[in-house]
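See structure below.
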Amino acid sequence: MKIRPAALAVLGAVLLVAGAPAQAAPAHPKTPKPAAAAGHVALPKDVAPERYEITIRPNAGALTFAGQEKVALVVKAPTDRIVLNAADLVFQRVALSGQAAAPKVVLDATQQTAAFVFPTKLAPGRYTLSIDYTGKIYQQASGFFALDYAGDRGKQRALFTQFENSDARRLIPSWDEPGVKAVYGLTVEAPAGQMAVSNMPVAATRTLADGDQSVRFADTPKMSSYLLFLSVGDFERVHRMVGKTDVGVVVRRGRTAQAQFALDAAAELLPFYNDYFGTPYPLPKLDFIAGPGRSQFFSAMENWGAIYYFDYALLVDPKITTEADKQNIYVDIAHEMAHQWFGDLVTMAWWDDLWLNEGFASWMENKATDRFHPEWKIWLQTKAGEQGAMRVDARVGSHPVITPIHDVFAAANAFDGITYQKGHAVIHMLESYVGEDVFRAGVRNYIAHHAYGNTVTDDLWREIDAVSPKKITGIAHDFTLQAGVPLISAARTAAGVRLTQGRFGADAASKAPRAWRTPVVVGGLGEPWRTVVRADRPATRAAGADAAPLLNDGQAGYFRSRYSPELEARAIAALPGLRPEDQLGLIYDSRALGEAGYAPMSDFLAVAKATEGVQEPVVVRALIQQLAGIDDLYEGRPGQGAYRAFARARLAPAFARVGWDARPGEPDNAAVLRRTLLTTLGQFDDPAVVAEARRRFAGLLAAPDSLKGTARQTVLQIVASHADAATWDQLHALAQQATDPTDKSRLYRYLAIAHDPALADRALALALTGEPRPTDAPDLISGVSGNYPEKAFDFALAHRAAVEAMIEPTSRTSFFARLASGAHSAAVLPKLDAFAATVPASTKGEITKAKSAIGYRLEVIAQRLPEVDRWLAAHPG
Ligand SMILES: [Zn+2]
């Protein structure tokens, strides 16, 4: 699954509070117990399904469906009951082969289980369980759900499913756990003329007495329930044979042109993955299905053979798709395709090891993308996401990458930046430690040995250690079984350089000592110096008196780098000549160390000055984002004017190069940089930039096709954030008139970003009118939270029932917590405490994390901004 970018960048979720008590000599984490031994809540293991035969008859208009199911199962030990998962289902008939009497049905709505209790014990053996039942079709993207859109035939409705982590139980009574694999034989009864799509190709179609069609799909391989997929709608499919696989993109009628980019991407990626994993893609077809809408939880889902995306994450329309969107689409396709092996063919045994799916796919998406689009510099771009994870990982509220999941309800909270981005960073570090070829050999063996089965993380480390001269299990445990960020410090000794390891923490609890074996590469001393640094074992090496060591050379390591003042000055002086990844390292580390008080803020300001001549768009963009992040802290405080003058001076050279208009043949990343540059100058209220955006907006109103893609989104964003009431009304009219779902979503979102508080109020009110589509409305509230976190949070709480109804149940707490998390005032903290008392226990960590983000921000504002002000006063210009 691909989680929403907002969830990654801002917060995501948390399960455990990380603050272990301080100890003098921290120990390395031990091998984890299997999840079952750790006592999670799961179904009894004495009955196991082998094959489900399911017929679903949706009534799309009524938002209900009827289901008939026959489960071939094995009773392994005598028992008087069969317990499985079911949620929001109503049973009409339940029967078991060989049993004359119907069982008693005991439903547990809280645990989402159904127990079928028999008068006498069932003997071990094979049985068939038959169930007739009915269920609901939802209007938020979980379970079986409907998305409405304006089609050629007026308002139309398409149906899709979304089951990860545990919502298959809303479509079929099932053993809805990743460790229980079975075969699924699915049939759907759908209106004639509509297309039905599932994991496997259609095996047979027949016409029913009422004129509808019955579509039976081929049996799936053995797989986990969360990977099942069904969709029905007025679709078209474009496809192409790639080797033995029929690769297709399924879109709503009339949109095949928008599917071409995705089809080309999938076709070029599939042979790469077949080779990398060493096991060819095992299903006869691989579809990518687009649905019109959004979710607060996810953007795409790796259902085996039938990958689901929301439109904006799959389709390319030159009018609205930006260069950055295109890159994201490609990366998301690469992500979900990697899951076809890593997750679908081989699956984690329980949600504790979710990271094994997501960290791996988040790493692999870049490896694959970089192969075909090196010009996007995707590895450089991933550093921004890793920084998001590192920020969270340095505060109270983080959690280990491998983290105990008590029950399926807690599992949803594990889809966060630690699981995805720290997971990705750790895999990247381990791969670069053992080498690319060795790592791939281990992965190939892992896939071959566990195909169609379930694993724990140590199964992967074991395969890599088996082929690698350098063993990784100990290092991997240190980085996956405990939270936190190592701090590697470099200082001169009499004859050389000495590296020591501590812990980088933004708050007191996150500074408690931890033991890591940290692989470190140091450049700048001739041949790269490769060593493993431990808290109790510093590393030293001879070096000349004027040596300028470069920590984390290549930036593959997951740690913060700190230099002694003397070495920091040398590193900054060397910055213009460094590789882009190492320039990024200095930018990110100097800001993080400055804000946390490990180094003066002036280091970052000096790095910003030294970056002025850098041309690499990804590095320039990262600098702009850091400068904008500090500007956000000022929020009208007296020093903001001087700070903005400094920041704008840093942006001036890039603006002179990049300007307003695309140059023929420029790299895609130049367009991505241009948008960040212009919208940041807009954020700084640059009068010339705002005026020019308004001039172009007037042109767009007169001739809607005069601005496309990135240029259009840039102008809309700047104009919307500086909108007056008249402009807001014009934007509102554009949103109402838009017919494309992605275009419409974005236009409504722009209504939410006005700085004018009265317009922010109008956007909030609009969210509840029913005018925006139900999946777009929450974005109006989260959009307002960008400028007015407390206002948005208060509004959502005041209309809690209405807002919760618009959000998937698993995302509710995180949605509210994210609204408040950008707050610049302590006043919101007691409100968060009050809110915490009302949410499910398994989601309270979301609020802990929001509070720690706010608390840290307040501290940086109070402690560090005065430092910035003093430095700027002493260094004019
Ligand atoms: Zn994923």
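Using alpha carbon centroids, what distance separates the range 354-423 and the range 665-704, in Å?
31
Whole-Hz Karplus ³J(HN,Hα) for the range 835-845, in order, using 6.51 cos²θ - 1.76 cosθ + 1.60 and θ = phi - 60°, x for Gly and Pro?
Once rounded to whole Hz, the list reads 5, 4, 5, 10, 10, x, 4, 5, 10, 4, x.
Could you check how much of the accessible area of the range 409-506 is carbon and sulfur, as a whole percent, using a 1.4 Å probe?
52
Quick one: check the C-alpha center-to-center distance for the range 155-201 versus the range 734-749, whole angstrom.
29
Check which residues have an amide H placed less than 5 Å from Val520's amide H, if you skip close sequence neighbours.
Counting only residues 5 or more places away or on other chains, the set is Thr531, Val532, Val533.
Under 5 Å between amide H atoms, partner at least 5 residues away or on a different chain: which partners does Asn85 have, H built in plane at 1.01 Å?
Ala114, Ser174, Trp175, Asp176
Relative to the longest principal Cα axis of the chain, at what angle does helix 323-339 sit, 0 to 90 degrees, rounded to 10?
Once rounded, the angle reads 50 degrees.
Using helices alone, what [θ] at 222 nm do you get for the chain, with -39,500 (n - 2.57) per DSSP H run of 4 or more residues, divided over all residues and rounded to the nearest 500?
-13000 deg cm²/dmol
At 1.4 Å probe size, with the rest of the protein present, what percent of the exposed accessible area of the range 581-679 is carbon and sulfur atoms?
54
Whenever you get a sec, compute what percent of the accessible area on the range 184-302 sits on carbon and sulfur atoms (1.4 Å probe).
Answer for the range 184-302: carbon and sulfur cover 51 percent of the accessible area.
Helix 789-798 against the longest principal axis of the chain: what's the angle in degrees, Cα atoms only, rounded to the nearest 10?
For 789-798 against the chain, the angle is about 30 degrees.
Got a sec to turn the phi values of the range 75-84 into Karplus ³J(HN,Hα) couplings, 6.51 cos²θ - 1.76 cosθ + 1.60 with θ = phi - 60°, whole Hz, x for Gly and Pro?
8, 8, 9, x, 7, 9, 8, 10, 10, 9
Going highest first, how would you order 585-598, 524-537, 199-212, 704-717 by mean Cβ packing within 10 Å?
585-598, 704-717, 524-537, 199-212
Could you tell me which of rounded, prolate or oblate describes the range 386-519, using a ≥ b ≥ c as the square roots of the eigenvalues of the alpha-carbon gyration tensor, with rounded for a/c under 1.5 and, failing that, prolate when a/b is larger than b/c and oblate otherwise?
Here the range 386-519 falls in the oblate category.
Taking the alpha-carbon distance from Lys383 and a cut-off under 22 Å, which lysines remain once sequence neighbours fewer than 8 residues away in the same chain are dropped?
Lys2, Lys326, Lys367, Lys422, Lys609, Lys849
With the contact rule set at Cα under 8 Å and sequence spacing of 6 or more, what percent relative contact order holds for the chain?
Relative contact order, the chain: 12 percent.
Can you classify the range 228-373 as rounded, prolate or oblate using the Cα gyration tensor, where a ≥ b ≥ c are the square roots of its eigenvalues, rounded means a/c under 1.5, and otherwise it's prolate if a/b beats b/c and oblate if not?
Taking the square roots of the gyration eigenvalues as a ≥ b ≥ c, the range 228-373 is rounded.
How large is ³J(HN,Hα), in whole Hz, for each residue of the range 859-875 in order, when computed from phi with the Karplus curve 6.51 cos²θ - 1.76 cosθ + 1.60 and θ = phi - 60°, using x for Gly and Pro?
Karplus-based 3J(HN,Hα) across the range 859-875 equals 5, 4, 4, 6, 8, 9, 4, x, 5, 4, 4, 5, 5, 5, 5, 7, 10 Hz.
State the Cα centre-to-centre distance between the range 591-637 and the range 232-291 in whole Å.
Using only Cα atoms to place each centre, the spacing works out to 42 Å.
Rounded, prolate or oblate, given the Cα gyration tensor of the range 751-823, with a/c below 1.5 counting as rounded?
oblate
Sum up the charges of everything whose Cβ sits under 9 Å from the Cβ of Phe163, counting Lys and Arg as +1 and Asp and Glu as -1, but leave Phe163 out.
-1
Please sort 690-696, 476-482, 771-777 by packing, taking for each peptide the average over its residues of neighbouring beta carbons within 10 angstrom, highest first.
Per-residue mean Cβ counts within 10 Å order the peptides as 476-482, 771-777, 690-696.
Fully extended, how many nm does the chain gain between Ala670 and Glu635 (0.36 nm per residue separation, minus their Cα-Cα distance)?
9.7 nm
Taking Cα atoms, how many degrees apart are the long axis of helix 741-751 and the longest axis of the chain, rounded to 10 and kept between 0 and 90?
40
Among 293-305, 219-231, 544-556, 863-875, how do they line up by average Cβ neighbours within 10 Å per residue, starting with the highest?
Per-residue Cβ counts within 10 Å, averaged per peptide and sorted highest first, yield 293-305, 219-231, 544-556, 863-875.
Please state the charge dipole magnitude for the chain, taken about the Cα centre, from unit charges on C-beta atoms (+1 on K and R, -1 on D and E), reported in debye and rounded to the nearest 20.
Magnitude of the dipole: close to 840 debye.
Counting only heavy atoms of protein chains, what accessible area per residue, in Å², does the chain have with a probe of 1.4 Å?
35
The values are calculated or read from the model by the stated rules, or taken from the named source; none is laboratory data. Everything quoted here is computed from the prediction, not taken from an experiment. Virtual Cβ from ideal backbone geometry, glycine too; neighbours counted across all protein chains shown. These area figures cover heavy atoms from the full protein model, side chains too; ligands, DNA and RNA do not enter into them. Shrake-Rupley method; radii C 1.70, N 1.55, O 1.52, S 1.80 Å.
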